[in-house]
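Trainee: My structure is below; once you've seen it, I'll send some questions.
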Amino acid sequence: MLVRLESLLQDRRSWKNLARTRIDEHGPGDILHDFNALVDFLRENEVPLTGTGLLPLRVLPLINERLAHPLRLGLKRPLQKSYPPIHGLYLLVRVTGLTIPVLKGKKLMLRVDEEQYRRWRELTPTEQYFTLLEAWITRGKKFVMGDSPHPLSRSPLEQSLMFLAEIPDKGLRRSEDKDSLNWLGFSPGWHNLGLLYEFGLISIEDAPPEPGKGWNIQVIKPTRWGDDLLSFLFMELVPTGRLEEIEDMPIVERPGVLQPILQPYFPEWKRVLPLPRWKFRPGTYTFKVSLGQIWRRIVIPAEATLEDLATAILNSVDFDFDHLYVFEYSDRMGIFHSVHHSYMDERPHVTEVRIGDVPIHVGQKMKFIYDFGDWWEFDITLEHVDPEKHVAHAEIVEEHGAPPPQYGEVDEWI
């Protein structure tokens, strides 16, 4: 692996090949065809999200048939990750801001943001290709698909290049290295595998499905395009510290960060797709705060801070204020956010974020974790936002169940 990795990173002469690559709706890869196929499906159909924020099983075969190269599986009830291209494409329709979760009755539906879609359609194929590539590299973390965030997880670029380095020039063949193919779900991960394939960064040869098994991959081969592009981006972003700087930037400021690096090779990349920006939402918010079987209903003005909400929650269960805490939630794109106690090093702090600044939709949950030793984890559901009603401060308007003892034995309460 190290020999091939060194070869990829040192062969800078091959980077000149980048400018010779033609990008249009036909390639490299099937990414533009298949991404637009998924967006069209979402525009034409009412698609609810599962409890984990993924596509329902029933729509997966329908979407699969719209792809340029549909997969043939031997599974009776394949999951979203059983279709790696769809798994990766789903990540992209979220982190590009083209879709938005909308509550309809009690179901959360995934709908296309028509204004963002209009901007997308105005881009050229080259601009669309690099918009999607950049979204994957700079925003494509697994927590968008419901996984827990991990502070030590590698970026998609690092994961993908390390995987490419493991592929022999003749290809990774099931007949010769079955174990490596069995680990694809871990390295590079199903969504990354699907996107490497979709962007034309690798080629995959498969065989007819076997009963009870998923994608019957036989050979994975590197492509010249994949080797050149990913090694070039790695050397431009990782040793220089630029990738780390990008990951520290606010999400809405990241579109276009790769343009100065790639535009000399692809001068056709002139426009970027901006991300929708959250606007302060005024009104009175109603939250249902649950801890095990007990719950409290709290109303609070949009101008109040998350510190005010934390105070109301702790007062509602008679807890003291002697410990640190954090709020955790995901925005409309599935991007994970955390807001921290003012004594913590991480930012932003709860004193800096108003309730109306929190980019969650009605019906969505966020977490409030108090005391990292005892780990009291509260579920907070946004039930309603009344733009006309005004309250001066947070109020506990309804209670159900007695609070647990903050310290000591809680077995009886549980």
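The values are calculated or read from the model by the stated rules, or taken from the named source; none is laboratory data. For clarity, every value in this text was computed on a predicted model and none was experimentally measured. Quick reminder, even Gly has a Cβ in these numbers, built from the backbone with ideal geometry, and neighbours come from all protein chains shown.
Trainee: Please work out which residue is surrounded by the fewest Cβ atoms within 10 Å (Cβ to Cβ), limiting yourself to the stretch 162-172 and to residues that are in contact with a helix residue (DSSP H, G or I) (Cβ under 9 Å, 6 or more places away or on another chain) and outside any helix (DSSP H, G or I).
Mentor: Looking at the filtered set, the residue picked out is Asp169.
Trainee: Separate question: Among the residues of the stretch 96-109, write down those that are touching a strand residue (DSSP E or B) at 6+ places or on another chain (Cβ under 8 Å) and either at pLDDT 95 or above or not assigned by TED's automatic domain parsing to the domain that holds Gly51 (or both).
Mentor: Answer for the stretch 96-109, where residues must be touching a strand residue (DSSP E or B) at 6+ places or on another chain (Cβ under 8 Å) and either at pLDDT 95 or above or not assigned by TED's automatic domain parsing to the domain that holds Gly51 (or both): Leu98, Thr99.
Trainee: Go through the stretch 337-353 residue by residue and tally those that are closer than 22 Å to Val385 by Cα and either touching a Cys at 6+ places or on another chain (Cβ under 8 Å) or surrounded by fewer than 20 Cβ atoms within 10 Å (Cβ to Cβ) (or both).
Mentor: Summing the residues that are closer than 22 Å to Val385 by Cα and either touching a Cys at 6+ places or on another chain (Cβ under 8 Å) or surrounded by fewer than 20 Cβ atoms within 10 Å (Cβ to Cβ) (or both) in the stretch 337-353 gives 5.
Trainee: Give me the pairs: first residue in the stretch 107-118 and without any contact (Cβ under 8 Å) to a residue 12 or more places away in the chain, second residue among the hydroxyl-bearing types (Ser, Thr, Tyr) and surrounded by fewer than 17 Cβ atoms within 10 Å (Cβ to Cβ), beta-carbon distance under 9 Å, and six or more apart or on different chains, which are they?
Mentor: Pairs found: none.
Trainee: Could you tell me whether the stretch 205-227 includes any residue that is closer than 23 Å to Leu67 by Cβ and within 22 Å of the chain's Cα centre (by Cα)?
Mentor: No, because not a single residue in the stretch 205-227 is closer than 23 Å to Leu67 by Cβ and within 22 Å of the chain's Cα centre (by Cα).
Trainee: With respect to Val326, is the statement that it is buried (at least 16 other Cβ atoms within 10 Å of the Cβ), assigned to a loop (DSSP other than H, G, I, E, B) and either within 26 Å of the chain's Cα centre (by Cα) or in the same structural domain as Asp386 (by TED's automatic domain parsing) (or both) true?
Mentor: For Val326, the condition - buried (at least 16 other Cβ atoms within 10 Å of the Cβ), assigned to a loop (DSSP other than H, G, I, E, B) and either within 26 Å of the chain's Cα centre (by Cα) or in the same structural domain as Asp386 (by TED's automatic domain parsing) (or both) - is not met.
Trainee: Considering only the stretch 173-215, state which residues are among the aromatic types (Phe, Trp, Tyr) and either crowded, with 19+ Cβ neighbours inside 10 Å or part of a helix (DSSP H, G or I) (or both).
Mentor: Once the filter is applied, which keeps residues that are among the aromatic types (Phe, Trp, Tyr) and either crowded, with 19+ Cβ neighbours inside 10 Å or part of a helix (DSSP H, G or I) (or both), the stretch 173-215 yields Phe186, Trp190, Tyr197, Phe199, Trp215.
Trainee: If you scan the stretch 53-97, which residues turn out to be among the basic types (Lys, Arg), outside any loop (DSSP other than H, G, I, E, B) and over 21 Å from His26 (Cα atoms)?
Mentor: Arg58, Lys81, Arg94
Trainee: Modelled with pLDDT of 95 or more, in contact with a helix residue (DSSP H, G or I) (Cβ under 9 Å, 6 or more places away or on another chain) and either charged (D, E, K, R) or assigned by TED's automatic domain parsing to the domain that holds Phe130 (or both): which single residue out of Arg277, Arg296 fits that description?
Mentor: Arg296 is the lone residue from the list that is modelled with pLDDT of 95 or more, in contact with a helix residue (DSSP H, G or I) (Cβ under 9 Å, 6 or more places away or on another chain) and either charged (D, E, K, R) or assigned by TED's automatic domain parsing to the domain that holds Phe130 (or both).
Trainee: Do we have any residue at all in the stretch 32-52 that's assigned to a loop (DSSP other than H, G, I, E, B), at pLDDT 95 or above and among the β-branched types (Val, Ile, Thr)?
Mentor: Yes, the stretch 32-52 contains at least one residue that is assigned to a loop (DSSP other than H, G, I, E, B), at pLDDT 95 or above and among the β-branched types (Val, Ile, Thr).
Trainee: What pairs come out if I take residues in the stretch 341-366 that are assigned by TED's automatic domain parsing to the domain that holds His384 and of a type in the set (Lys, Arg) and pair them with residues that are modelled with pLDDT of 95 or more and part of a loop (DSSP other than H, G, I, E, B) whose C-beta lies under 9 Å away, six or more apart or interchain?
Mentor: Here the result reads Arg354/Phe280; Arg354/Ala302; Arg354/Glu303; Arg354/Ala304, each pair linking the stretch 341-366 to a residue that is modelled with pLDDT of 95 or more and part of a loop (DSSP other than H, G, I, E, B).
Trainee: Further question on the same structure: Filter the stretch 15-29 down to the residues that are buried (at least 16 other Cβ atoms within 10 Å of the Cβ) and assigned to a strand (DSSP E or B) and list them by number.
Mentor: Gly27
Trainee: Looking at (1) at pLDDT below 85; (2) touching a Gly at 6+ places or on another chain (Cβ under 9 Å), which is the one condition that is false for His191?
Mentor: (1)
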